[in-house]
Amino acid sequence: MAQPHIATKFQHPVAPDFSYWDSTTGALEWNGFGELNAGVGYHLGDDYFPTGSNIEIGAIANGYAIESGENAGLGFYVVVRHDLPDGTEVFSLYAHMESLSTVGEIEKGSGVEVQVDIGETLGIVGSTGTGGYHLHLEISDFGDKFSLPGSGVNYAKSYDNQYSPAFSGPDPVSYSPDGDPVLGVGIGIYDPSNFIESNNTTAKVMANYGPTGPTMAPEGKAPEGIIGKPSSALADPSFESDGLAAWTTLGSASIVEHADIDGSNNSTDVAATATDGLYFAMLTSFGAEANEIEALLGLSDGAISNRTGIAVTNGAVMATTIDLGAREDSFYFDFYFDSNDYAPYNDVAILVVDGEIYTLSDVNAVGDYGDSGWINTGLTGLSSGEHTVAIAVLNTRDTILDSAIYVDDFSFA
């Protein structure tokens, strides 16, 4: 079965510059969400004013282009649907592009869907339609209620029954830097820059839009006083006696006392040591192809790339079955992601539980040749009984400069 192309994090479509010099007034102007545009109405999106020419517009998240064409007011535009982890959807609209979107023309309601990756070029910033050179971005959960025929329909002309749900009320909640009144977010539409900043990591997306049922535990130690380490769940939770005997592995997997994968590429850090006892597990991102790892975990080809939005190539994995007791619904563990690569080669570490994929860390999160340090996390809300658990680290876009994940001290609650 094909895996959904889930939006697991969001980013700005171009550099986030929301101001421009007005040649008429000679003043710096803004045009953000909810701001009153004289003679037009309240703005239902953010306007980006990048400098330079031939500026590529990137998709703000994984998704599917569902509509694309030309409109009198918005010029060349494209609408992308983003499927969130909890099964809900949001939609992004990009307007005033230089020419037709790279996805081609897609008629509204045609059922045509073109898969796009986060950051994939949708078009070039332009000045088609009205309003001069800029990118207009909207984010909403309107779905096919985006009404694009005619000019200026994306603006609320006034606070009335037709448009009132888009704003919290008729009274300004703030004023823009150039002194214009700004209305607050209402129902069905989002302030794009705030939405993106609130969902610019997988952890934030999972916190805001995680599926019901099992969820990632917050970073920080597991609750004290209720943690046990039953042998029925995992025989050697700290890798002290049996090593990886309880785990099935593919690729480079070992038990070590200390490790520093980035070596001379990062001379500022020190070797990692165990958080409990003397030993910990180490996975290095080589030795197994991504599709071999997916097959071991019962995932379809491409599932990890689709779920994380990262083009993984090869890596290593450790997998086991845990058996939670009748009063247990959570497990926790320590991990340490040690990057030995640099952007855009966004090597990634993941947790997979019962076929669900969760991103633990990646190069973008820790920086070029960076590391996360030891972090305690886990999964809560599980049912009692058996669950398949796997941890993997994978290269992205290439098969060199391998990164690593270190794992220690499983516990259960």
Radius ratio Rg over Rh of region 1-91, counting only Cα atoms, Kirkwood formula for Rh: 1.03
Size of region 213-412 as Cα extents on the principal axes (Å, biggest first): 45, 37, 29
Karplus (6.51, -1.76, 1.60) ³J(HN,Hα), θ = phi - 60°, over region 382-387, in Hz, Gly and Pro reported as x: 7, 7, 5, x, 7, 9
In order through region 24-34: 3J(HN,Hα) via Karplus (6.51 cos²θ - 1.76 cosθ + 1.60), integer Hz, x for Gly, Pro: 6, 8, x, 10, 7, 10, 10, 8, x, 4, x
In order through region 314-327: 3J(HN,Hα) via Karplus (6.51 cos²θ - 1.76 cosθ + 1.60), integer Hz, x for Gly, Pro: 8, x, 8, 8, 10, 9, 8, 10, 10, 10, 7, x, 4, 9
GLY325 long-range amide H proximity, modeled H, under 5 Å: GLY385
Restricting region 15-108 to GluC sites (Glu not before Pro) in coil, as DSSP defines it, with at most 12 other Cβ within 10 Å: GLU107
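Where a number appears in this text, it was derived from the coordinates with a stated rule and is not lab data. Owing to the predicted nature of the structure, the values given are computational and were not obtained by experimental measurement. Note that we place each Cβ from the backbone using ideal geometry, even for glycine, and neighbour counts take in every protein chain shown.
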